[in-house]
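The values are calculated or read from the model by the stated rules, or taken from the named source; none is laboratory data. The structure displayed is predicted, hence computed values, not measured ones. Quick reminder, even Gly has a Cβ in these numbers, built from the backbone with ideal geometry, and neighbours come from all protein chains shown.
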Amino acid sequence: MYSCREASERASRAMEEPLPRMQRAQLWLHLAMCRGCHNFSRQIEFLRLASRKSPKMFDRDEG
């Protein structure tokens, strides 16, 4: 089973690219048992979705 550090790294990576089946299973198992990592995973998913929906604040050409 993953450590919390490994789980948080895999959860972050899973937001960017699909994980191999075994890594997904190990991550799911860790998240099912660890409330802190489960909360972290939900928070980064929320931030990812919120950043997609927010206006692009830094796209203006100010120069």
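Within region 39-63, restricting attention to residues that are more than 11 Å from the chain's Cα centre (by Cα) and either outside any loop (DSSP other than H, G, I, E, B) or within 19 Å of residue 3 (Cβ to Cβ) (or both), which residue is modelled with the highest pLDDT? Explain how you work it out, then say what you get.
Let us first name the residues in region 39-63 that are more than 11 Å from the chain's Cα centre (by Cα), namely 50-63.
With the extra rule that they be either outside any loop (DSSP other than H, G, I, E, B) or within 19 Å of residue 3 (Cβ to Cβ) (or both), the set shrinks to 50-53.
Numbers: 50: 85, 51: 82, 52: 80, 53: 78.
Step by step, filter region 39-63, then rank; the result is 50.
When you scan region 21-37, do you find a residue that is among the aliphatic types (A, V, I, L, M) and touching a His at 6+ places or on another chain (Cβ under 8 Å), even just one?
Step one: of region 21-37, the residues among the aliphatic types (A, V, I, L, M) are 22, 25, 27, 29, 31-33.
Narrowing further to those that are touching a His at 6+ places or on another chain (Cβ under 8 Å): 31-32.
Scanning region 21-37, I find at least one residue that is among the aliphatic types (A, V, I, L, M) and touching a His at 6+ places or on another chain (Cβ under 8 Å), so the answer is yes.
Restricting region 1-38 to residues that are more than 24 Å from residue 51 (Cα to Cα) and outside any helix (DSSP H, G or I), which is modelled with the lowest pLDDT?
Out of the qualifying residues, it is 1.
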